[in-house]
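First up is the structure itself, then whatever we jot down about it.
The values are calculated or read from the model by the stated rules, or taken from the named source; none is laboratory data. Source: prediction; values computed, not measured. Glycine also receives a Cβ, built like all others from the backbone with ideal geometry; neighbour counts cover every protein chain displayed.
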Amino acid sequence: MAILEVKNLHKSFGKTEVLKSVSFSMEKGEILSILGSSGSGKTTLLRCINFLEKASGGQVFVDGSCIFDASSKEKPSPAVMRERQLNFGLVFQSFNLFPQYTALENVVLAPKLQAAERADFKENKKKILSEIEQNAMNLLDRVGLAEKAGNYPCQLSGGQQQRVSIARALALDPKILFFDEPTSALDPELTGEILRVIKDLASKHMTMVIVTHEIEFARNVSDKIIFMDGGVVVEEGTPEQVIGNPRHERTRAFLSKML
């Protein structure tokens with residue numbers, strides 16, 4: 001059974017159709033990279049799956065359960081929507097860290113808010129918060145930043161800030177981790193820091209969807225590649241198929257510019 005299945009996803013902003021019947025699926029532990037030029041619909045696709053935007057049509061399934069159906073008249077409560085969002089972690093291209101909080105505080109914020117809704121929170125508050133902080137420290141150590149836990153974002157490099165945002169996305173233990181151009185806001189010499197963290201996650205079989213312009217990285221780390229253009233999936237397959245031997249002229253034209 002696929003861990004994530006997207007069926008016929010549509011999204012329009014006014015009269016502009018940004019996604020046009022996008023469909024794909026992926027298995028647990030698989031890494032999918034999405035390629036395409038700016039404006040092809042890649043980021044909108046991630047935002048619709050993560051419920052940051054509401055798709056105009058289509059369905060999204062996680063572990064076989066439908067968590068979004070545009071044709072449904074059901075109006076899920078905010079609590080249900082939050083629960084569905086917990087399936088996903090999203091790493092933004094612009095870090096989006098809270099400047100008034102330390103690295104550790106940025107990572108523990110969402111888990112603490114979630115924990116406060118637990119029925120046993122008041123009774124076990126000290127133990128629960130201690131466990132959350134220990135997990136956050138473990139995550140910061142995992143991305144190589146344990147010694148920067150007390151630093152504020154302004155005291156960190158761009159690569160370090162992005163690694164904190166990765167730890168933050170992992171803090172709620174998502175089933176699937178999404179990256180939206182995770183290296184686009186970084187200087188070239190800092191890009192390697194992020195790619196090494198993603199490779200480490202890949203080695204531990206984290207299910208990931210990566211929107212990227214790093215073609216060689218996508219070739220090396222991905223199980224599957226999707227090339228999007230004009231809001232549609234033009235080509236889909238293994239890295240060898242899509243990057244090494246593309247079938248469609250639009251894919252070949254894009255890769256020739258990028259490579």
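Among residues of region 231-257 that are part of a helix (DSSP H, G or I), those with a beta-carbon under 8 Å from a residue that is aromatic (F, W, Y) at least six positions away or on a different chain give the pairs V242/F227; R250/F227; T251/F227; F254/F227.
Conditions (1) part of a loop (DSSP other than H, G, I, E, B); (2) exposed (fewer than 13 other Cβ atoms within 10 Å of the Cβ); (3) of a type in the set (K, R), marked per residue:
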position	(1), (2), (3)
F51	yes, no, no
V107	no, no, no
E117	yes, yes, no
E123	yes, yes, no
E131	no, no, no
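Quick check on region 230-259: of everything there that is hydroxyl-bearing (S, T, Y) and within 25 Å of the chain's Cα centre (by Cα), which residue is surrounded by the most Cβ atoms within 10 Å (Cβ to Cβ)? Talk me through it step by step, then tell me what you get.
Just the residues of region 230-259 that are hydroxyl-bearing (S, T, Y), to begin with: 238, 251, 256.
Right, trim to within 25 Å of the chain's Cα centre (by Cα) and you get 238, 251.
Numbers: T238: 14, T251: 22.
Ranking the qualifying residues of region 230-259, first place goes to T251.
Summed over region 49-73, residues that are under 14 Å from the mean Cα position of the chain (by Cα) and under 14 Å from I176 (Cβ atoms) total 3. Quick one: is R168 crowded, with 21+ Cβ neighbours inside 10 Å, assigned to a helix (DSSP H, G or I), touching a helix residue (DSSP H, G or I) at 6+ places or on another chain (Cβ under 7 Å) and basic (K, R)? Considered against the rule, which asks whether it is crowded, with 21+ Cβ neighbours inside 10 Å, assigned to a helix (DSSP H, G or I), touching a helix residue (DSSP H, G or I) at 6+ places or on another chain (Cβ under 7 Å) and basic (K, R), R168 comes out as yes. Pairs are defined by a Cβ separation below 6 Å, a sequence spacing of at least 6 or placement on different chains, a first member in region 146-157 that is closer than 13 Å to N106 by Cα, and a second member that is at pLDDT 95 or above and surrounded by fewer than 12 Cβ atoms within 10 Å (Cβ to Cβ); the pairs so defined are P153/P99. Which number in (1) touching a residue at least 60 places away in the same chain (Cβ under 8 Å); (2) crowded, with 21+ Cβ neighbours inside 10 Å marks the one condition that A185 misses? Answer for A185: the failing condition is (2).
If we scan region 184-191, do we find a residue that is within 18 Å of G41 (Cα to Cα), not in a helix (DSSP H, G or I) and not aliphatic (A, V, I, L, M)?
Let us first name the residues in region 184-191 that are within 18 Å of G41 (Cα to Cα), namely 184.
Pick out the ones that are also not in a helix (DSSP H, G or I) and you get 184.
Among the residues that remain, those that are also not aliphatic (A, V, I, L, M) are: 184.
Yes, some residue in region 184-191 is within 18 Å of G41 (Cα to Cα), not in a helix (DSSP H, G or I) and not aliphatic (A, V, I, L, M).
Could you tell me how many of the residues in region 187-225 are among the acidic types (D, E) and either touching a strand residue (DSSP E or B) at 6+ places or on another chain (Cβ under 7 Å) or within 12 Å of R163 (Cβ to Cβ) (or both)? Give the derivation first.
Taking region 187-225 first, the residues among the acidic types (D, E) are 187, 189, 193, 200, 214, 216, 223.
Pick out the ones that are also either touching a strand residue (DSSP E or B) at 6+ places or on another chain (Cβ under 7 Å) or within 12 Å of R163 (Cβ to Cβ) (or both) and you get 193, 200, 223.
Residues that pass the stated criteria total 3.
Residues that are in contact with an Asp or Glu (Cβ under 8 Å, 6 or more places away or on another chain) and either under 25 Å from D200 (Cα atoms) or surrounded by fewer than 22 Cβ atoms within 10 Å (Cβ to Cβ) (or both) within region 1-11 comprise M1, A2, I3, H10, listed in sequence order. A Cβ distance below 6 Å, combined with a sequence gap of six or more or placement on separate chains, defines the contacts here; from region 68-94, residues that are surrounded by fewer than 16 Cβ atoms within 10 Å (Cβ to Cβ) reach residues that are at pLDDT 95 or above in the pairs D69/Q59. As for region 113-120, it holds at least one residue that is farther than 27 Å from L35 by Cα and touching a residue at least 40 places away in the same chain (Cβ under 8 Å).
For every residue, the table says whether it meets (1) in contact with a helix residue (DSSP H, G or I) (Cβ under 9 Å, 6 or more places away or on another chain); (2) over 28 Å from D200 (Cα atoms).
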| residue | (1), (2) |
| --- | --- |
| G36 | yes, no |
| G41 | no, no |
| E53 | yes, yes |
| Q59 | no, yes |
| C66 | no, yes |
| K73 | no, yes |
| E83 | no, no |
| L86 | yes, no |
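In region 12-30, the qualifying residues are those that are touching a residue at least 60 places away in the same chain (Cβ under 8 Å), in a strand (DSSP E or B) and not charged (D, E, K, R), and the one that is surrounded by the most Cβ atoms within 10 Å (Cβ to Cβ) is L19.
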